[in-house]
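Just below is one structure, and these are the notes that go with it.
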Amino acid sequence: MTEDYLKGLIEEVLYIWAEPISIDEISKILYDLPKADIKKCLDEMIDERKDRQTGLVIRNFNNSFQFTTRKASDKYFESLLSKSDKKLTNSTLETLSIIAYKQPITRVEIDKIRGVNSQSTIDSLLEKKLITEKGRLDKIGKPIIYGTTDNFLQYFNLNSLDDLPEIRIEKNED
């Protein structure tokens, strides 16, 4: 099998899958091909698409890969996509930011930071699949701990949580 043929297979998997997919999942689909060859071809494909300025690029979302359009092209496609269901309220963004930077975190900890009950906001974020339950603390009541998902990374166009902007806290000298 030639490298070009393998790259074509990988493109087909990315196209058909449509959501971010890991190397392990690609390897299960292309079951008779070595995972190392798939990874090598995928890395080459990412670089080739950057160099050629193609319409579709392959993005890495926390080691899951997906075809996406270039960020610079977004203005041409905004009218095609309804973003109304993707809009987040200020309180939702505030809660999501707390979870992103403090994860894993419980609802009680979020409420303490925000100063209000966050349960409905957390439910909304769970429904949108931007956060997920990461387990439970071994404390009284066994509170749920929350963290972000790969959908969070996609939504904000991040490769990993390391790409989150640094928070600078300025202290007033009052």
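Residue by residue, here is whether (1) in contact with an Asp or Glu (Cβ under 8 Å, 6 or more places away or on another chain); (2) over 25 Å from Ile21 (Cβ atoms) holds:
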| residue | (1), (2) |
| --- | --- |
| Leu96 | no, no |
| Ile122 | no, yes |
| Ile145 | yes, yes |
| Asn159 | no, no |
| Pro165 | no, yes |
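Report yes if Ser79 is assigned to a loop (DSSP other than H, G, I, E, B), free of Cβ contacts under 8 Å to residues at least 24 places away in the same chain and either of a type outside the set (Ser, Thr, Tyr) or open to solvent by 70 Å² or more (accessible area, probe 1.4 Å) (or both), otherwise no.
yes
Assuming Asp85 fulfils every condition listed in (1) in a helix (DSSP H, G or I); (2) modelled with pLDDT of 90 or more; (3) under 19 Å from Thr149 (Cβ atoms) apart from one, which condition is it?
(2)
So the check is Cβ under 7 Å with 6+ separation or different chains; which pairs have a first residue in the range 100-124 that's touching a residue at least 12 places away in the same chain (Cβ under 8 Å) and a second one that's among the polar types (S, T, N, Q) and exposed (fewer than 14 other Cβ atoms within 10 Å of the Cβ)?
Between residues of the range 100-124 that are touching a residue at least 12 places away in the same chain (Cβ under 8 Å) and residues that are among the polar types (S, T, N, Q) and exposed (fewer than 14 other Cβ atoms within 10 Å of the Cβ), the close pairs are Arg107/Gln119.
Just to verify a result, which residue in the range 112-158, among those that are assigned to a helix (DSSP H, G or I) and acidic (Asp, Glu), is most open to solvent (accessible area, probe 1.4 Å)?
At the first step, the residues of the range 112-158 found to be assigned to a helix (DSSP H, G or I) are 112-114, 119-127, 150-155.
Those still in the list that are acidic (Asp, Glu) too: 123, 127, 150.
Numbers: Asp123: 74, Glu127: 150, Asp150: 56 Å².
Ranking the candidates gives Glu127 first.
Checking Leu96 against (1) open to solvent by less than 80 Å² (accessible area, probe 1.4 Å); (2) farther than 30 Å from Ile131 by Cα; (3) in a helix (DSSP H, G or I): exactly one of these is not met. Which one?
(2)
Answer yes if at least one residue in the range 9-23 is open to solvent by 30 Å² or more (accessible area, probe 1.4 Å), over 22 Å from Leu153 (Cα atoms) and hydroxyl-bearing (Ser, Thr, Tyr), and no otherwise.
No, the range 9-23 has no match at all.
The values are calculated or read from the model by the stated rules, or taken from the named source; none is laboratory data. This is a predicted model, so every value here is computed, not measured. Note that we place each Cβ from the backbone using ideal geometry, even for glycine, and neighbour counts take in every protein chain shown. The accessibility values were calculated without ligands, DNA or RNA, using every heavy atom of the protein model including side chains. Shrake-Rupley method; radii C 1.70, N 1.55, O 1.52, S 1.80 Å.
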